[in-house]
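Down below is the structure, laid out as structure tokens.
What follows is calculated from the coordinates using simple rules that are stated; it is not laboratory data. Here the structure is a predicted model, which means the values were calculated and not measured. Glycine also receives a Cβ, built like all others from the backbone with ideal geometry; neighbour counts cover every protein chain displayed.
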Amino acid sequence: MIPDTAVLNDQGQVAMKHLRLAPIRVKCSDYTYAFIIRANIAMAWIQSDHVPCLQRVKMRCCGGSRRGKKSAVIFAHEADVRQWTNGGGR
């Protein structure tokens with residue numbers, strides 16, 4: 001489910017960011033999304049029907065414990081999109 005606060009582009013794609021600050025690729029169905037780092041934000045524009053797939057991507061936290069897995073991909077805020085788009089500017 002896409003919240004009302006999600007940022008969409010002109011093509012209807014949703015801005016999502018990866019919490020790991022490294023170039024990373026995530027595959028959903030036949031499509032691979034590349035999270036590009038700009039202004040310390042790893043972000044990609046995601047097709048709305050692929051959002052549930054990306055929300056299932058998990059990463060270990062809390063010292064690598066088995067119980068400590070959290071979502072690795074979250075919705076980008078408006079400020080994240082603005083910084084990422086402008087390369088760090090406001």
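Rounded to the nearest 20, the size of the Cβ-charge dipole of the chain about its Cα centre is 720 debye, with Lys and Arg at +1 and Asp and Glu at -1. Shown in residue order for region 26-42 are the 3J(HN,Hα) couplings computed by the Karplus curve 6.51 cos²θ - 1.76 cosθ + 1.60 at θ = phi - 60°: 10, 9, 10, 6, 9, 10, 10, 9, 9, 8, 8, 8, 9, 6, 6, 10, 9 Hz (x for Gly and Pro).
Could you tell me what % of all Cα pairs in region 14-84 have separations over 16 Å?
Working: 1141 of 2485 pairs.
Above the 16 Å cut-off, region 14-84 has 46 percent of its Cα pairs.
Given R0 = 35 Å, the distance between the Cβ atoms of R56 and T85 translates into a calculated FRET efficiency of 0.85.
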